[in-house]
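Below is one structure, written out as structure tokens; the observations come after it.
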Amino acid sequence: MSTLDRLKNAAGPKGFSEDAAEIAPHLVEWRGKYKGHTPLLLKPQTTAEVSAILAICHETHTAIVPQGGNTGLVGGQIPLDGEILLSLSRMNRIRSIEPGALICEAGTILADAQRAADAAERYFPLSLAPEGSCTIGGNLSTNAGGVNVLRYGNARDLVLGLEVVLADGRVLDMLRTLRKDNTGYDLKQMFIGAEGTLGVITAAALKLFARPQARETAFVAMRDPAAAVELLARLQAATGGLVSAFELMPRIGLELVLAHIPQTADPLATPSPWYALVEATSGAAMPLRETLETELARTIGDGLATDATLAGSDARQAALWRLRESMSEAQKHEGASIKHDVSVPIRAIPEFLKQGMALVETIVPGARPVPFGHLGDGNIHFNISVPKGGNNEAFLARWEDMSRAVHDLVHHFGGSISAEHGIGVMKRDDLPLYKSAAEMDVMRALKKTMDPHGILNPGKILIPSP
Ligand code: FAD
Ligand code: ZN
């Protein structure tokens, strides 16, 4: 029997597709930057099926690419070299829920996991713009960040246990819900952020938290990013660390959203060069609103902020968040953009932005920096839009020059060239420039040990060994 037939048998009658129309959407990523091809899409429904599939791939040296919701931004989920595509989308059951933990399968959509927690009067804090389509398996494999990292941590911090299928098909059942477990190496951590190169995550035990009783959202105007850094420190002090999101936005970003995204409005009367979207939440009912009102009034009085509005209603909160979450979408409508997902120490953000924006102008005069994102985590999406009226292709041809310069600057500030989206293929060749030779050696050794035939997502994160 051919390898493809064996794989189809292992996945079961509903567990595969060779239909070009069904496969097509799985082959292109959100930005349209990477396009792949595959002879076969596998859609297993159980861990045993994933195990059987990987055992065959291991035995026959057949390369396979895991895919969740296909919202990844670095090309990691795309079969660029004609690999088999393994979609976890049918593995989407919630296996159990208790006050401290939710156990769900890897293909569970993030929003469904949030809803399951909410139905049990608990809270799962991972939250990112594509939460209606990204999956828990993808979130963990990319160690996703999002808007609540400041308070609750990255995806990695939200995991108690994992179930993983190894490259040779063996199943690692580590679905424990223990808060403490120091029995040697913490193996689950190896697969979190590994982008499907070391194993396939099939299920996870996720931490649940108290459901917020009080939630306040503010939109604050300020002159520069240095004021934003100071404002964050003040609000954390005033609320006793209850700030859960602190998102920076430049005026140009807001303008692009207002121009391209329907049903949006400027929350403040006078334009300001920079804004912060701030959210504070509390698991207990408390006068959060009054605390924020008092502190924001004080910062305006001190000249640190220039204006601010508190949301007041759920609808107003949603409207403010829409401004922030539409920023990538709005940039898409404005033409081509060159994007960077970087982090630097929070204190270095103002200087990094100042030097970074000047650098952009020297590389492509007229290019429009739209840096926004998770200031509270030191993570800026340093995106650059094509010059007004400029040629998209000519601009995108400068991607490598631009990225090298921006990443060199990030490195100079002791930062990271991928704060939350991962490496995939997009940053693979740059990685050795910024990671030490020793770190690269350990990563290669790990890959060789975990996946000796190089079948799992080959060419992602690391250049395949010959
Ligand atoms: P996919 O895109 O399908 O896969 C991502 C990677 O994980 C691939 O390498 C894939 O091979 C691997 N993988 C997927 N499932 C498994 C599995 N079960 N086992 C092993 N490997 C697997 N990310 C953030 O962190 N923060 C943000 O704020 C954020 N905002 C975004 C905004 C927009 C508009 C978009 C389009 C993306 C954004 N992302 C963000 C990136 C993306 O949504 C995340 O990386 C997300 O975690 C990917 O989940 P997914 O299910 O779509 O994974
Ligand atoms: Zn982000």
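Restricted to the stretch 146-160, and to residues there that are crowded, with 19+ Cβ neighbours inside 10 Å and not in a helix (DSSP H, G or I), the residue that is farthest from ligand 1 (Cβ to nearest atom) is Leu160. Check the stretch 136-144 and report whether any residue there is farther than 28 Å from Phe246 by Cβ and buried (at least 22 other Cβ atoms within 10 Å of the Cβ). Yes, the stretch 136-144 has at least one match.
Taken as a whole, the condition of being within 16 Å of ligand 1 (Cβ to nearest atom) and either of a type outside the set (Lys, Arg) or under 22 Å from the mean Cα position of the chain (by Cα) (or both) does not apply to Gly366. Taking the condition closer than 24 Å to Gly153 by Cβ, touching a residue at least 12 places away in the same chain (Cβ under 8 Å), in contact with an Asp or Glu (Cβ under 8 Å, 6 or more places away or on another chain) and not in a strand (DSSP E or B), does Gly373 pass? Criteria not met by Gly373. Regarding Val342, is this residue assigned to a strand (DSSP E or B) and within 28 Å of the chain's Cα centre (by Cα)? Yes, satisfied.
Once the stretch 187-228 is narrowed to residues that are acidic (Asp, Glu) and not in a strand (DSSP E or B), the residue that is farthest from ligand 1 (Cβ to nearest atom) is Asp224. From the list Leu353, Leu396, the one residue that fits, being of a type outside the set (Lys, Arg), crowded, with 21+ Cβ neighbours inside 10 Å and either within 24 Å of the chain's Cα centre (by Cα) or within 16 Å of ligand 1 (Cβ to nearest atom) (or both), is Leu353. The requirement of being touching a Ser or Thr at 6+ places or on another chain (Cβ under 6 Å) and within 24 Å of Val65 (Cβ to Cβ) is not satisfied by Val164. Among the residues of the stretch 146-170, those identified as more than 15 Å from ligand 2 (Cβ to nearest atom) and of a type in the set (A, V, I, L, M) are Leu158, Val159, Leu160, Leu162, Val164, Val165, Leu166, Ala167. Only residues that are at pLDDT below 95 and surrounded by fewer than 20 Cβ atoms within 10 Å (Cβ to Cβ) were counted in the stretch 15-33, giving 4.
When Ala311, Ala280 are checked against the criterion of being crowded, with 20+ Cβ neighbours inside 10 Å and farther than 18 Å from Ala228 by Cα, a single residue qualifies: Ala311.
The values are calculated or read from the model by the stated rules, or taken from the named source; none is laboratory data. Please read these numbers as outputs of a predicted model, since none were measured by experiment. Every residue, glycine as well, gets a Cβ built from its backbone with ideal geometry; the counts of neighbours run over all protein chains shown.
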